[in-house]
Amino acid sequence: MATPDFVLDLRQAIGTAPLWLTGVTAVVLRDDETTGATEVLLVRRADNGAWTPVTGIIDPGEEPADAAVREILEEADVVASVERLVWVHVLDPLTYSNGDQAQYLDLVFRCQWVSGTPFPADGENTEAAWYGLDSLPELGGSHAQRIALAVAANVGTDAVFEGGHPA
């Protein structure tokens, strides 16, 4: 995965010590032109081969919704618009293969496809494709939950939360 310059600069100062970062998950939806069924945009990560919605780190001073739109275009060559924020949650701490440690506050956005054919545009992914909600590939972590919350008709940031998770 491409690491933003500001993170590389921080790493020069702190080494592999834990970093608290803010990221976005962009769940991009569209209706299939033939069947009308809802589809979700997924990318296959180059670093671990996992299928996920588009994710990325918010740049300093960048609006989170703008980061979601930017990441969609950079990673999948798709233009989309943000409809709403659907979940704010903390991901488990992780250690990358080079020893860098990080933990993310993840802002999940429901997005609507505007134009473009998915393509792994920036080298962070090896594939980009639309999947029907009833034929998703195996998804790790909380990615299935992120998609489910984005698809749900009336779930949003005003949903009832218990213990940090949507009720």
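Contact order for the chain, expressed relative to its length and based on alpha carbon pairs under 8 Å spaced 6+ residues apart, stands at 28 percent. Normalising by residue count, the chain has a Cα convex hull of 117 Å³ per residue. The 3J(HN,Hα) values that the Karplus relation (6.51, -1.76, 1.60; θ = phi - 60°) gives for the range 17-32 are, in residue order, 4, x, 10, 9, 10, 10, x, 10, 10, 10, 8, 8, 10, 7, 9, 4 Hz. Gly and Pro appear as x.
Please get the size of the charge dipole for the chain, origin at its Cα centre, with Cβ charges of +1 on Lys and Arg and -1 on Asp and Glu, quoted in debye to the nearest 20. Please list the in-between numbers first.
Values: 8 positive and 26 negative charges, 60 e Å.
Taking the Cα centre of the chain as origin, the dipole is about 300 debye.
A Förster distance of 22 Å, applied to the separation of the beta-carbon atoms of D59 and Y131, puts the FRET efficiency at 0.20.
A cut-off of 5 Å between modelled amide H atoms, ignoring neighbours fewer than 5 places along the same chain, links V86 with V108, F109, R110.
Secondary structure note: in the chain, about 70% of the DSSP beta bridges are antiparallel. Placing a label point 7 Å from the Cα of T35 along the Cα-to-Cβ direction, the residues of the range 102-136 with a backbone N closer than 14 Å are 130-136. Between E138 and D5, what FRET efficiency comes out of the Förster formula 1/(1 + (r/R0)^6) with R0 = 41 Å and r the beta carbon distance, rounded to 0.05? Once the sixth-power term is evaluated, E becomes 0.80.
Ranked by the mean number of other Cβ atoms within 10 Å of their residues, highest first, the peptides 69-76, 26-33, 123-130 fall in the order 69-76, 26-33, 123-130.
Every number here is computed from the coordinates shown, using simple stated rules; none is lab data. Just so you know, these numbers come straight off a predicted model, no measurement behind them. Every residue, glycine among them, receives a Cβ derived from its backbone with ideal geometry; neighbour counts consider all protein chains shown.
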